[in-house]
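Worksheet: one structure, shown below.
The values are calculated or read from the model by the stated rules, or taken from the named source; none is laboratory data. From a predicted model like this one, the values you see are computed outputs, not experimental measurements. Cβ atoms come from the backbone with ideal geometry, glycine included; neighbour counts cover every protein chain shown.
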Amino acid sequence: MSDIFCRIIAGEVPSMKVYEDEKTLVFMDIAGDVDGHMLAVPKKHVVSLFDCDEETLFALMSTVKKVSEHLINNCGYEGVNLLNASGKAAGQSVPHFHIHIIPRKTGDNIDAWPAFPGKTQEISDIYERIRM
Ligand code: 5GP
């Protein structure tokens, strides 16, 4: 599998690397939609949360935490939003597992939480269907 993120990881496509270790890479997103938008990816090719083994997931989330703490401790940010789309139905456009990291400051006026259209079913009905 050679998606765009595999090619970035392999160094075939240039990227602005923020952090790298044996199992993970964090680089700037090219979207240009919000200041500081980064992507954290596992170097191992996994498509999404669903086919990600626990070791890879742990490595990725450890890196997300490390970079997020760096943003807070050394870069003047006060918080982060972490976003992930797993599956096309959820809006995933690149088939390589990634966590979007959006650095935040008080009053930055970034609306990182979608305006949901409102529920169409009773919460209790959905609860009965999805409870484990
Ligand atoms: P998704 O929609 O799958 O959650 O997010 C994919 C992200 O990958 C988008 O935010 C998009 O801007 C970013 N992206 C797509 N192609 C490239 C690329 O070639 N380089 C970088 N740095 N980011 C990319």
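Assessment of the stretch 42-54 against the conditions (out of contact with any helix residue (DSSP H, G or I) (no Cβ under 7 Å at 6 or more places or on another chain), modelled with pLDDT under 95 and more than 30 Å from Ile110 (Cα to Cα)) yields no matching residue. Considered as a group, the residues in the stretch 19-37 that are surrounded by fewer than 18 Cβ atoms within 10 Å (Cβ to Cβ) and of a type in the set (Val, Ile, Thr) include one that is nearest to the ligand (Cβ to nearest atom), and that residue is Ile30. Taking the stretch 4-29 as the range and being in a loop (DSSP other than H, G, I, E, B), within 16 Å of Ile99 (Cβ to Cβ) and over 14 Å from the mean Cα position of the chain (by Cα) as the test, the residues that pass are Ser15, Asp21, Lys23. Taking the stated definitions as given, is Gly91 out of contact with any helix residue (DSSP H, G or I) (no Cβ under 6 Å at 6 or more places or on another chain), farther than 18 Å from Asp33 by Cβ and surrounded by fewer than 17 Cβ atoms within 10 Å (Cβ to Cβ)? So Gly91 fails the test.
Scanning the stretch 66-84 for residues that are without any contact (Cβ under 8 Å) to a residue 24 or more places away in the chain and surrounded by 12 or more Cβ atoms within 10 Å (Cβ to Cβ) yields a count of 2. Would you check if Lys105 is among the basic types (Lys, Arg), surrounded by 10 or more Cβ atoms within 10 Å (Cβ to Cβ) and closer than 26 Å to Ile8 by Cβ? Here the answer is no, as Lys105 does not meet what is asked. Filtered by the rule that a residue be farther than 15 Å from Pro95 by Cα, in a loop (DSSP other than H, G, I, E, B) and not acidic (Asp, Glu), the stretch 30-47 gives Ile30, Ala31, Gly32, Val34, Gly36, His37.
Ala40 meets each of the listed conditions (1) in contact (Cβ under 8 Å) with a residue 60 or more places away in the chain; (2) within 11 Å of the ligand (Cβ to nearest atom); (3) under 12 Å from the mean Cα position of the chain (by Cα) apart from (2).
Report yes if some residue within the stretch 117-124 is within 16 Å of the ligand (Cβ to nearest atom) and either surrounded by fewer than 16 Cβ atoms within 10 Å (Cβ to Cβ) or part of a loop (DSSP other than H, G, I, E, B) (or both); otherwise report no. No, because not a single residue in the stretch 117-124 is within 16 Å of the ligand (Cβ to nearest atom) and either surrounded by fewer than 16 Cβ atoms within 10 Å (Cβ to Cβ) or part of a loop (DSSP other than H, G, I, E, B) (or both). One residue stands out in the stretch 79-111 among those that are under 13 Å from the mean Cα position of the chain (by Cα), of a type in the set (Gly, Ala, Ser) and over 13 Å from Phe50 (Cα atoms): the one that is farthest from the ligand (Cβ to nearest atom), namely Gly91.
Looking only at the stretch 59-102, residues that are assigned to a strand (DSSP E or B) and either modelled with pLDDT under 95 or within 20 Å of Lys43 (Cβ to Cβ) (or both) come to 4 in all.
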